[in-house]
Amino acid sequence: DRGRAPGGFIYIDNFVDAVLTASAEAPALGAAINLRDDTCETWAQFLGDLARGIGAAPPRFSVPAGLARAAATLLEPAHRALRLKGRPFATRHGTHLLSRDAAFPIEAARRLLGFRSRISYAEGMAATAAWAKARLAEDSAA
């Protein structure tokens, strides 16, 4: 679906900030609170930014969600039957995650915790890409 679904991403430092605040704020105790960063990047933007950040080409095409689910439904049992290692190229769970709007409302986090993303999407993506590049370099050296 061209990656149009918002991913509901949160940078780890922003997540930790919110969890620590929630553990110390009485109004937040027992409350159901969704967390994500202030902005709503799509899967296409996230995957493209991450690919560029690690020096890879961004995804060039997209498969409609229904077709991806159908393919995953066939690939999963085939993968098991062939006793292949690792995960299938596509899974039903993965296609579900990538095709659903995960930008859940964060008004409770704002109201009860005063939550605001301290680290912007661009800053978080730059740090994430640097971390991923370092891990990839370690893996290729091993």
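Quick rundown of the values:
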quantity: Scope the stretch 94-131; condition in a helix (DSSP H, G or I) and exposed (fewer than 15 other Cβ atoms within 10 Å of the Cβ); matching residues; calculated: His96, Leu97, Glu107, Arg110, Arg111, Ala122, Glu123, Ala126, Ala130, Trp131
quantity: Lone unmet requirement of (1) more than 13 Å from Ile10 (Cα to Cα); (2) over 19 Å from the mean Cα position of the chain (by Cα) for Phe115; calculated: (1)
quantity: Complete set of residues in the stretch 68-122 that are in contact (Cβ under 8 Å) with a residue 40 or more places away in the chain and charged (D, E, K, R); calculated: Arg100, Asp101, Arg116, Arg118
quantity: Residue tally, condition surrounded by 11 or more Cβ atoms within 10 Å (Cβ to Cβ) and under 25 Å from Met125 (Cα atoms), over the stretch 46-83; calculated: 14
quantity: Qualifying residue in the stretch 46-62 (condition: among the charged types (D, E, K, R), under 19 Å from Arg2 (Cβ atoms), modelled with pLDDT of 95 or more and not in a helix (DSSP H, G or I)); calculated: no
quantity: Test: Leu35 is in contact (Cβ under 8 Å) with a residue 24 or more places away in the chain, under 23 Å from Trp131 (Cα atoms), under 18 Å from the mean Cα position of the chain (by Cα) and in a helix (DSSP H, G or I); calculated: no
quantity: Residue count, the stretch 20-38 (criterion: hydrophobic (A, V, I, L, M, F, W, C) and loosely packed, with under 14 Cβ neighbours inside 10 Å); calculated: 6
quantity: Test for Gly86: is it among the small types (Gly, Ala, Ser) and exposed (fewer than 15 other Cβ atoms within 10 Å of the Cβ); calculated: yes
quantity: Index of the failed condition, Arg2 passing every other in (1) in a helix (DSSP H, G or I); (2) modelled with pLDDT under 95; (3) not β-branched (Val, Ile, Thr); calculated: (1)
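The values are calculated or read from the model by the stated rules, or taken from the named source; none is laboratory data. Quantities reported herein were computed from a predicted structural model and do not represent experimental measurements. Neighbour counts are summed over all protein chains in view; Cβ atoms, including those assigned to glycine, are modelled from backbone coordinates with ideal geometry.
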